[in-house]
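Asks: This is the structure, below, for whatever I ask next.
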Amino acid sequence: MSDSRYPLEAARTLRAEEQEVAERALAAAISAHDAAQRARERAEETRRAHAAETERVAREERALDGRTALDLMRLEEWIARRRREERTLASRVSHASETERTSERAVEEARAALATVRAEREAVERHHGAWLDARRRTAEQKEQDEADERASRRR
């Protein structure tokens, strides 16, 4: 046993650190995806509520008796403004959906990166285990050889 230090210890340490970094990156990506999903859900709910409110108010206003032409014009202007607002809200939903898809891809990429780093670390750990086994066998053989030599000197 000439050198008791594992020659790839630096690689072992590096792989362990890389795995920790990859695990944190995956956790952050999952958190970002969850936030993006909640943001999309809120945007959709806001848009649905806006559309429902517009429909309800328009229906109620049209059902009123004694409406003048001016009242109906104002109602149509209000409905047109609400439709513009709804398009803006739909654009926000679209943007939130794209953000969610992007964050979902980031999660997939982080999972793949972690799998790669884990495989690399496991390879180094297997090598380390084999190195330890070889050292143990060498030490056992050396002990056996020394015992045999002592026994042969006694004869």
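The values are calculated or read from the model by the stated rules, or taken from the named source; none is laboratory data. The model shown is predicted, which means the values in this text are computed figures rather than measured ones. Only protein heavy atoms, including side chains, enter the accessible area calculation; ligands, DNA and RNA are left aside. Shrake-Rupley method; radii C 1.70, N 1.55, O 1.52, S 1.80 Å.
Asks: Mind pulling the angle between the C-alpha long axis of helix 9-63 and the longest principal axis of the chain? Nearest 10 degrees, somewhere in 0 to 90.
Replies: Value to nearest ten degrees: 10.
Asks: For every helix of n ≥ 4 consecutive DSSP H residues, a contribution of -39,500 (n - 2.57) applies; sum these over the chain, divide by its total residues, and give [θ] at 222 nm rounded to the nearest 500 deg cm²/dmol.
Replies: -34500 deg cm²/dmol
Asks: Same structure, new question: Given a cut-off of under 8 Å on Cα pairs at least six residues apart, what relative contact order in percent is computed for segment 8-122?
Replies: It rounds to 58 percent for segment 8-122.
Asks: Would you kindly state how much longer the chain becomes between Arg42 and Arg154 on full extension, computed as 0.36 nm times their sequence separation minus their alpha carbon distance, in nm to one decimal?
Replies: Going from the current span to full extension adds 31.5 nm.
Asks: Please calculate how many Å² of accessible area the chain carries per residue, with a 1.4 Å probe and no DNA, RNA or ligand atoms counted.
Replies: 73
Asks: Leaving ligands, DNA and RNA out of it, report the carbon-plus-sulfur percent of the accessible area of segment 52-155 at a 1.4 Å probe.
Replies: Using a 1.4 Å probe with all protein chains present, segment 52-155 comes out at 50 percent carbon and sulfur.
Asks: Once mean projected area of the Cα convex hull in nm² is worked out from the coordinates, which option in (1) 13.1; (2) 9.4; (3) 12.4 does it equal?
Replies: Read-out from the structure maps to (1).
Asks: How tilted is helix 69-154 with respect to the longest principal axis of the chain? Cα atoms for both, answer in degrees (0 to 90, nearest 10).
Replies: 10
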